[in-house]
Amino acid sequence: MTVHADYRLSQLDELEAESIHVFREVAAEFEKPALMFSGGKDSIVMLRLAEKAFFPAKIPFPVLQIDTGYDFPEVLACRDRWVNRLGVRLVVASVEEAMANGVVVDDGKTSRNRLQTGTLLNAIEEEGFTALFGGGRRDEEKARAKERVYSHRDEFGQWDPKNQRPELWSLYNGRIHAGEHMRIFPLSNWTELDIWHYLGQERIELPEIYFAHRRRVFERDGMLLTESDFNPLRPGETVQERTVRFRTVGDLTLTGCVESEAATIPDIIDEIAVARVTERGATWGDDRFSEAAMEDRKREGYF
Amino acid sequence: MLLDSKSIFEDQLEAVEATSNARGYDYTDLALLTDGLRSEREQGITIDVAYRYFATPSRKFIIADTPGHVQYTRNMVTGASTADLGLVLVDARQGLTEQSRRHAVILSLLRVPHLVLCVNKMDLVDYSVDKYNQIYEEFTSFATKLTIPRPDDHPDLGAERRQRGHPLRQHAVVRRAVAAAPPRARACCVRP
């Protein structure tokens, strides 16, 4: 009796195939794509998928990073190792430079995370990018749950969530007018757990801050923030050393960490499988202001 | 389904409860979980597809929660195109509407291989057996005109019929979905 091999893909393989298809579609269809890289686990998974999509050729588009000036040094080091290994062009747009040039205005109240929007849109215009890959996932947040894989941005970089294009099967409509661009989300259907399983399966290198380590932290609005010169203590806040790890990375003044002993990817998977709070809920300062905070930022042109 | 499979995180549920309270509801409006856009929350309707994720021990599910309103049918098509299973929800008070039929036809046009008709809000018709049977008969005769690749394969519908008069329990829907679907399944759920 012959045993037939099971040709069905595992769900990780299926997700990978879907994302690789998106990468190739965009590279074939758009004049000037770029990959938005934050240094977080999602953008690292994107880099890995882009590498696979075009291997053995090099990734045919540059990597764009918005430097808030408040980035974790571990994240920047990890970014440089990736960029060197893959030999891709790195474009860095700095929020501080944008402020110096008057592109964005720091009124002292707006967080660096929000100032990134103006900096990003300016960089897109200067470089003439027509398609930008983002690591957004639909399971992250309720406004993201609504977004298409190809998400249209008008000439001002704005998203119009009430008027999204039809997107049937794996047919993507990449038509844009001059000055407009498309945001592409190849990881749309991945969940946080899928990302970790994939990182484990592919043995992908991550910034150290994702794993449990000792860090001097203080508590603000129910979040544990890292001690740093950029983030002066307010009255009543005290610094303690605890064993923590980050579930997301971003602006150091806003990204909270969680107390955890998880030092390896399997430990983290066990931890997430029983987690009762979303990664953003646990660790993002900027989403807490209003119930449509993310939608508003996305309308303005945020990632 | 999301709530029963414990896929709602505490902070998401708290946010929904807070919004429900702020609007003066005396219940938690679970529709707010998928109606993520500002205008959807203001008008209390679904405009575009929302994707949600949950897993049972054997499978991962992607739910595309799609709008039922006629003017947003094009968004329903987007959600339905990638589905392995379509769930059409029918309000027991209103019975089978033009939109329910339209959605069933679209699902069959897109060759979605499985279709489940969910009769919802049975509590509001006092779990009326007649009402349920009427919708069931009406849809069965209508469905003969559709090309659903496996039209005879409705094991659970039979089971549900045997215990008719009882509200369609939500995990029965999950069981049916588990039975029908490949390892990673996408379901398209159309709410009236």
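The table below gives the values:
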| read-out | value |
| --- | --- |
| Shielding by partners - mean other protein chain Cβ count within 10 Å, residues of B:52-62 | 3 |
| Inter-probe distance in nm under a simple model that places probes 7 Å from Cα toward Cβ, at A:Phe230 and A:Asn101 | 2.0 nm |
| Set of lysines near A:Lys41 by C-alpha distance (under 19 Å), chain-local residues within fewer than 8 positions excluded | A:Lys52 |
| Built amide H within the under 5 Å cut-off of A:Phe211, gap 5+ | A:Phe246 |
| Whole-number Å³ per residue for the convex hull built on Cα positions in chain A | 157 Å³ |
| Chain A: calculated mean residue ellipticity at 222 nm from DSSP helix runs of at least 4, using -39500 (n - 2.57) | -10000 deg cm²/dmol |
| Segments A:179-185, A:78-84 sorted - mean Cβ within 10 Å per residue, highest first | A:179-185, A:78-84 |
| Sequence-separation-based contact order of chain A, relative, with Cα cut under 8 Å and 6+ spacing, percent | 19 percent |
| Interchain or long-range residues, amide H under 5 Å from B:Cys118's placed H | B:Val88, B:Leu89, B:Val90 |
| Cβ-Cβ FRET estimate between A:Glu202 and B:Glu137, R0 fixed at 41 Å, reported to 0.05 | 0.15 |
| Shielding by partners - mean other protein chain Cβ count within 10 Å, residues of A:162-169 | 5 |
| Calculated SAXS-style log₁₀ I(q)/I(0) at q = 0.19 Å⁻¹ - the range B:88-147, Debye, Cα scatterers | -0.66 |
| Label-point gap, in nm, between A:Thr264 and A:Arg165 - each point 7 angstrom along Cα→Cβ | 4.6 nm |
| A:Arg24 versus A:Leu76: modelled label distance in nm, points set 7 Å from Cα along the beta carbon direction | 3.8 nm |
| Shielding by other protein chains, B:80-87, mean Cβ within 10 Å | 2 |
| Partner lysines for B:Lys145 [C-alpha distance under 24 Å; skip if fewer than 8 residues away on the same chain] | B:Lys131 |
| FRET E, pair B:Val70, A:Glu31, Förster distance 35 Å, beta-carbon r, rounded to 0.05 | 0.35 |
| Residue exposure sequence - B:Ser81, B:Ser141 - by fewest surrounding Cβ within 10 Å | B:Ser141, B:Ser81 |
| Sparsely packed GluC sites (Glu not before Pro) within the range A:7-52, loop by DSSP, other Cβ within 10 Å at most 15 | A:Glu31 |
| Span-rule helices in chain A, defined as complete DSSP H runs reaching 18 Å or more along the axis (Cα) with Kyte mean at least -1.0 | A:11-29, A:41-54, A:73-86, A:112-127 |
| Residue of A:Ala50, A:Ala34, A:Ala77 that the Gaussian network model of chain A assigns the largest fluctuation, springs spanning Cα pairs under 10 Å | A:Ala77 |
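Rule-based calculations on the coordinates, nothing more; no lab input. If you're wondering where the values come from, they're calculated on a predicted model, not measured in any experiment. A quick note on method: Cβ atoms are made from the backbone with ideal geometry, for glycine too, and the neighbour counts reach across all protein chains shown.
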